[in-house]
1. From the residues in region 18-56 that are in a helix (DSSP H, G or I) and within 17 Å of residue 94 (Cα to Cα), which one is modelled with the lowest pLDDT?
2. Of all residues in region 18-28, which are in contact (Cβ under 8 Å) with a residue 60 or more places away in the chain and either on the phi > 0 side of the Ramachandran plot or crowded, with 18+ Cβ neighbours inside 10 Å (or both)?
3. I want to confirm something. Restricting to region 58-83 and keeping residues that are more than 21 Å from residue 2 (Cβ to Cβ) and surrounded by 15 or more Cβ atoms within 10 Å (Cβ to Cβ), which single residue is nearest to the chain's Cα centre (by Cα)?
4. If residue 59 satisfies all but one of (1) out of contact with any strand residue (DSSP E or B) (no Cβ under 9 Å at 6 or more places or on another chain); (2) in a helix (DSSP H, G or I), what's the number of the condition it fails?
5. When region 1-17 is examined, which residues are found to be of a type outside the set (D, E, K, R) and either on the phi > 0 side of the Ramachandran plot or not in a helix (DSSP H, G or I) (or both)?
6. State all residues of region 62-101 that are in contact with a helix residue (DSSP H, G or I) (Cβ under 7 Å, 6 or more places away or on another chain) and part of a strand (DSSP E or B); if no residue qualifies, say none.
7. Those residues that are touching a helix residue (DSSP H, G or I) at 6+ places or on another chain (Cβ under 9 Å) and closer than 17 Å to residue 40 by Cα, I need them from region 7-29; list them, please.
Amino acid sequence: MRLSELQQSVIRTTVAETFGTQASVWLFGSRVDDSKRGGDIDLLIETDQVDVDAVMRAEIAFLGKLQMKLGEQKIDVLLDYPSRKTHPPIFSIARKSGILL
(Lines give C-alpha, C1' and ligand atoms only; values in the text may rest on other atoms or scores of the structure.)
Protein backbone atom coordinates (compact mmCIF):
# COMPACT_ATOMS: atom_id res chain seq x y z
CA MET A 1 0.00 0.00 0.00
CA ARG A 2 1.35 3.38 -0.95
CA LEU A 3 0.07 5.42 1.96
CA SER A 4 2.18 6.20 5.00
CA GLU A 5 1.00 5.25 8.48
CA LEU A 6 0.37 8.95 9.10
CA GLN A 7 -1.76 9.28 5.94
CA GLN A 8 -3.77 6.19 6.91
CA SER A 9 -4.34 7.55 10.40
CA VAL A 10 -5.39 10.96 9.08
CA ILE A 11 -7.87 9.35 6.70
CA ARG A 12 -9.38 7.11 9.41
CA THR A 13 -9.63 10.00 11.88
CA THR A 14 -11.19 12.35 9.32
CA VAL A 15 -13.74 9.71 8.29
CA ALA A 16 -14.71 9.25 11.96
CA GLU A 17 -14.96 13.02 12.47
CA THR A 18 -17.25 13.57 9.50
CA PHE A 19 -19.20 10.32 9.04
CA GLY A 20 -19.12 8.99 12.61
CA THR A 21 -17.10 6.36 14.38
CA GLN A 22 -19.18 3.54 12.88
CA ALA A 23 -18.04 4.41 9.34
CA SER A 24 -15.56 2.20 7.47
CA VAL A 25 -13.09 3.25 4.81
CA TRP A 26 -11.30 1.21 2.14
CA LEU A 27 -8.36 2.27 0.02
CA PHE A 28 -8.59 0.85 -3.51
CA GLY A 29 -7.14 1.50 -6.94
CA SER A 30 -3.51 2.11 -7.85
CA ARG A 31 -2.44 3.13 -4.32
CA VAL A 32 -3.00 -0.46 -3.17
CA ASP A 33 -0.32 -1.69 -5.59
CA ASP A 34 3.23 -1.09 -4.33
CA SER A 35 4.68 -1.60 -7.81
CA LYS A 36 2.81 1.39 -9.29
CA ARG A 37 3.68 5.05 -9.03
CA GLY A 38 1.60 8.15 -8.59
CA GLY A 39 -2.14 7.99 -8.78
CA ASP A 40 -4.95 9.52 -6.83
CA ILE A 41 -6.23 8.33 -3.49
CA ASP A 42 -9.35 6.25 -4.13
CA LEU A 43 -11.55 5.69 -1.07
CA LEU A 44 -14.78 3.83 -0.45
CA ILE A 45 -16.56 5.06 2.68
CA GLU A 46 -19.46 3.14 4.21
CA THR A 47 -21.65 4.98 6.68
CA ASP A 48 -24.91 4.17 8.40
CA GLN A 49 -26.20 7.71 7.85
CA VAL A 50 -29.44 7.52 5.85
CA ASP A 51 -30.19 11.18 5.09
CA VAL A 52 -28.75 11.86 1.64
CA ASP A 53 -28.31 15.58 2.34
CA ALA A 54 -26.36 14.81 5.52
CA VAL A 55 -24.19 12.31 3.63
CA MET A 56 -23.40 14.86 0.91
CA ARG A 57 -22.56 17.56 3.48
CA ALA A 58 -20.30 15.08 5.26
CA GLU A 59 -18.56 14.26 1.98
CA ILE A 60 -17.82 17.93 1.29
CA ALA A 61 -16.58 18.44 4.87
CA PHE A 62 -14.47 15.27 4.65
CA LEU A 63 -12.74 16.33 1.43
CA GLY A 64 -12.06 19.82 2.77
CA LYS A 65 -10.62 18.55 6.04
CA LEU A 66 -8.55 15.88 4.31
CA GLN A 67 -7.06 18.40 1.87
CA MET A 68 -6.14 20.65 4.82
CA LYS A 69 -4.47 17.76 6.66
CA LEU A 70 -2.76 15.95 3.76
CA GLY A 71 -2.16 18.85 1.41
CA GLU A 72 -3.55 19.25 -2.06
CA GLN A 73 -3.99 15.81 -3.60
CA LYS A 74 -6.37 14.15 -6.00
CA ILE A 75 -8.84 12.21 -3.84
CA ASP A 76 -11.80 10.25 -5.22
CA VAL A 77 -14.53 9.12 -2.84
CA LEU A 78 -17.28 6.54 -3.26
CA LEU A 79 -19.99 6.69 -0.61
CA ASP A 80 -22.18 3.81 0.41
CA TYR A 81 -25.08 4.33 2.80
CA PRO A 82 -28.30 2.43 3.57
CA SER A 83 -30.62 4.65 1.52
CA ARG A 84 -28.42 4.54 -1.60
CA LYS A 85 -30.55 3.31 -4.50
CA THR A 86 -27.83 2.18 -6.92
CA HIS A 87 -24.57 0.33 -6.44
CA PRO A 88 -22.43 0.45 -9.57
CA PRO A 89 -19.94 -2.43 -10.03
CA ILE A 90 -17.06 -0.24 -8.79
CA PHE A 91 -18.41 -0.63 -5.24
CA SER A 92 -17.90 -4.40 -5.22
CA ILE A 93 -14.54 -4.02 -6.97
CA ALA A 94 -13.42 -1.55 -4.27
CA ARG A 95 -14.45 -3.93 -1.48
CA LYS A 96 -12.83 -6.99 -3.09
CA SER A 97 -9.57 -5.37 -4.19
CA GLY A 98 -9.31 -2.68 -1.53
CA ILE A 99 -7.68 -2.57 1.87
CA LEU A 100 -9.73 -1.68 4.93
CA LEU A 101 -7.98 1.17 6.71
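The values are calculated or read from the model by the stated rules, or taken from the named source; none is laboratory data. Only a predicted model underlies this, so the values are computations on that prediction, with no experimental measurement involved. Cβ: placed from backbone, ideal geometry, glycine included. Neighbour counts: every protein chain shown.
1. In this case the residue turns out to be 31.
2. 25, 26, 27, 28
3. Filtering region 58-83 for residues that are more than 21 Å from residue 2 (Cβ to Cβ) and surrounded by 15 or more Cβ atoms within 10 Å (Cβ to Cβ), the one nearest to the chain's Cα centre (by Cα) comes out as 79.
4. Among (1) out of contact with any strand residue (DSSP E or B) (no Cβ under 9 Å at 6 or more places or on another chain); (2) in a helix (DSSP H, G or I), residue 59 violates only (1).
5. Scanning region 1-17 gives 1, 3, 4.
6. Result: 75, 77, 78, 79, 80, 99.
7. 7, 10, 11, 25, 26, 27, 28, 29
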